[in-house]
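Only one structure is covered here, and it is reproduced in the block below.
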Amino acid sequence: MAISRTTQNSLARGDFDEVENDWLQRLEEDPADLDYFVGVARALAGNGEEKRARLLLEMLDEQLRGADRWLVRLRLLRRAAPLLLPAEKIYPAMVSTLGKLYGGRSLFKELSEAVGLHRATHDLARSWEKIDRLESLLAYDVGTVVAMEGKGVGRVVGVNLGLESFKVDFERHRGLMVGFKAAAKLLHPLAPEHVLRRKLEQPAALLLESPPELLRITLQSYDRPLGAGEIREVLAGIVGEAQWSAWWTAARKHPQVVASGAGARQTYAWAESRNDAQETVWKAFARASPRQKMELLRREGARDPALRDRMAAELRALAEQAAQGDPGLAFEIWFALERAGGLPDDALALGWAPPSLLRRPEMGTLFAGIEERLLRERAYLMLREQREDWAAVYRDALAKETEAKALDTLVDGLAQGAPRELERFVDGLLTQPHRHPAAFTWLAERAAVDEALRARNPLRLLQQILAAPSRDEFGPFRMRLLALAESGGTVPRLLAHLTPDQAAQAEDAVHRSAGLESYQRDQLNNALQLRFQSLRKETAALYATPESIAAKHAELERIVKVDIPANRKAIAEARAHGDLRENFEYKAARQRHEFLNTRAAVLSDELARVRPIETRAMDAGEVRIGTRVRLTAQDGRERAITLLGPWESRPEDDVLSYESDLGRELLGKPLAAVVELGGQAWKISAIEPYKPEI
């Protein structure tokens, strides 16, 4: 503790005898309170009482040495050695205290030499730095049990002073060398009672512990709260996978277990007593937001009836206040209290009971204020029992609701009780989807499994789905809408409902969509052309050798059966890494996905129109595809050009595509014809098949 007010007053009055009396009393109570003793000693020295300060410090030092409290004495020397000892005695006192404290350690002498403790003894500041270094290394004496992330629990089995490293044996990594400098960051010494050390040394004893006791040992092993996943990982091998759920349910019910946070971030700690746990929960409840209070009531209300009633009373008061300005919150509190048993017997007569809230004129505020989706759905269902104008309220709610399942509840209700209201709303969405982007996105997704919605106005729905991603209003829903263009999504399924007269408009919508990736656009265009022959464009045949055709077929098969499935797996794994906006692996996998699908589409199109180059019974009277043309220049030079398809083109070897400029120039030329190449005249001296028939 700091200097007491009584001592401060005595110092201010110059009553040093009284200060000394306070010192002696404190010395009996807590000789380890160095904040007090060092503070008083410095204050005495500052008031000209150096001798008194030294005398009092000597008394403290003597008591610490007599009680073998060497660690406290070392700290005293660090903080007040100049007040306690002559300068020439400080270093010897430091070394002797270190010897008392750590002399029994097997590495004490070697590490003292390694840090240079006995060199430059006159430089006390440097000596304290060496002591800090020595203490940090002595934490890893031979036999010390340590934990290392990624390696588990192990034991220090040796030290190499020459290499300045410790040798550690882990269960699966024997003889791992860890440098002195890295040890403090990588190796964490475990106390004898630490759960990980006990797993290593006494696993059978841990197996016999009850769930709450084993949880206590685990939570008290760490200086911070732990999440359920961390606890499960720590106890792997002690609590089996099959037993985990039952074990965890039993363990966390102990009244001294205190949970904090919510959802995946919820953590657990162990309170010193049942009362401490309850007080911790109440303090958390007192500073929590209203919805956090509801969660704490749900989670902790069963801990103690008195605590539950205390929480319920405060929530009822909050609901009374919220009923006017935030009826949605009052609605949520009602059901939180109902689940916890915190409602009074006459609860339905209260002004903030659900029936009363649902009969109020303004419903938008109520629904907007109910954050929990399931409760909002419950409010929608209850509304039909409380109001005759429920259909109109549903129609208004459809325009504001954002959750897909809640929209399902509203739509299903209108479909059963007011179908015309639903039809008008759907027609409005198809006409002006940007006015209600969440509802339109829901409509587009539901149409994938609702044929009646697809058949209602398929062309309009397709056009709006493809146009929506480029509009600012649909920013939060863009990825969901683009996914509907994938195989099995709404857009491909809409094609079956289009008429031939609508085919060209659908193709134009696909072409105009700025959000689609090229492979998605190609897939939709191919599907449209397969369904509507009128969209197919005449394509010229593609000629290639049988060997090239076989190679392209093999490439397409590899892409479809090997590369694309592997890429889908890579996308799924990359997506699991988190935020897709900053996920390089995901972006790379998606780019690979686009490339593979585009390549597969190109190959499919080319193989659909490919024709093999036939040399059997070829008329060699003129240059044809698949011929070798021998040319002779006026100066006697000769050149042989083989005319094949674009797949075989190798201009550097004089193998040209019939689609090239020179290829087109040569096609159809008869034997002895003259052609111009590079500004010179060449005569066709021979025409023959590019290879003999086999």
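The values are calculated or read from the model by the stated rules, or taken from the named source; none is laboratory data. Please read these numbers as outputs of a predicted model, since none were measured by experiment. All Cβ positions, even for glycine, are placed from backbone atoms using ideal geometry, and neighbour counts span all protein chains on display. Just the protein is used for accessible areas: all its heavy atoms, side chains included, with ligands, DNA and RNA removed. Shrake-Rupley method; radii C 1.70, N 1.55, O 1.52, S 1.80 Å.
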Original post:
Does the range 406-436 hold any residues that are under 20 Å from Ile465 (Cα atoms) and open to solvent by 20 Å² or more (accessible area, probe 1.4 Å), and which are they?
Top reply: Asp408, Leu422, Glu423, Arg424, Phe425, Asp427, Gly428, Thr431, Gln432, His434, Arg435, His436
**OP:** Could you tell me whether any residue of the range 596-610 is among the β-branched types (Val, Ile, Thr), modelled with pLDDT of 90 or more and more than 30 Å from Arg521 (Cβ to Cβ)?
**Re:** no
Original post:
Within the range 145-169, how many residues turn out to be buried (at least 19 other Cβ atoms within 10 Å of the Cβ) and not aliphatic (A, V, I, L, M)?
Top reply: 2
Original post:
Can you tell me which residues in the range 324-352 are part of a loop (DSSP other than H, G, I, E, B), touching a helix residue (DSSP H, G or I) at 6+ places or on another chain (Cβ under 8 Å) and acidic (Asp, Glu)?
Top reply: Asp326
**OP:** Report the residue count in the range 385-398 for those that are open to solvent by 40 Å² or more (accessible area, probe 1.4 Å) and either in contact (Cβ under 8 Å) with a residue 24 or more places away in the chain or not in a helix (DSSP H, G or I) (or both).
**Re:** 5
Original post:
In the range 419-431, is there at least one residue being part of a loop (DSSP other than H, G, I, E, B) and without any contact (Cβ under 8 Å) to a residue 40 or more places away in the chain?
Top reply: no
Original post:
When you look at Gly104, is it over 43 Å from the mean Cα position of the chain (by Cα), under 24 Å from Arg65 (Cα atoms), exposed (fewer than 13 other Cβ atoms within 10 Å of the Cβ) and without any contact (Cβ under 8 Å) to a residue 24 or more places away in the chain, yes or no?
Top reply: yes
Subject >> Per-region count, the range 251-274, residues without any contact (Cβ under 8 Å) to a residue 40 or more places away in the chain and among the hydrophobic types (A, V, I, L, M, F, W, C) >> reply: 4
Subject >> Top-ranked residue in the range 337-362 [being among the aliphatic types (A, V, I, L, M) and open to solvent by less than 10 Å² (accessible area, probe 1.4 Å); ranked as farthest from Gln292 (Cα to Cα)] >> reply: Leu358
Original post:
Of the conditions (1) in a helix (DSSP H, G or I); (2) touching a residue at least 40 places away in the same chain (Cβ under 8 Å), Glu547 fails just one. Which one is it?
Top reply: (2)
Subject >> Test: residue in the range 192-210 that is part of a strand (DSSP E or B) and either modelled with pLDDT of 90 or more or within 32 Å of the chain's Cα centre (by Cα) (or both) >> reply: no
**OP:** Within the range 597-648, track down each residue that is of a type in the set (Gly, Ala, Ser), in a loop (DSSP other than H, G, I, E, B) and free of Cβ contacts under 8 Å to residues at least 40 places away in the same chain.
**Re:** Ala617, Gly636
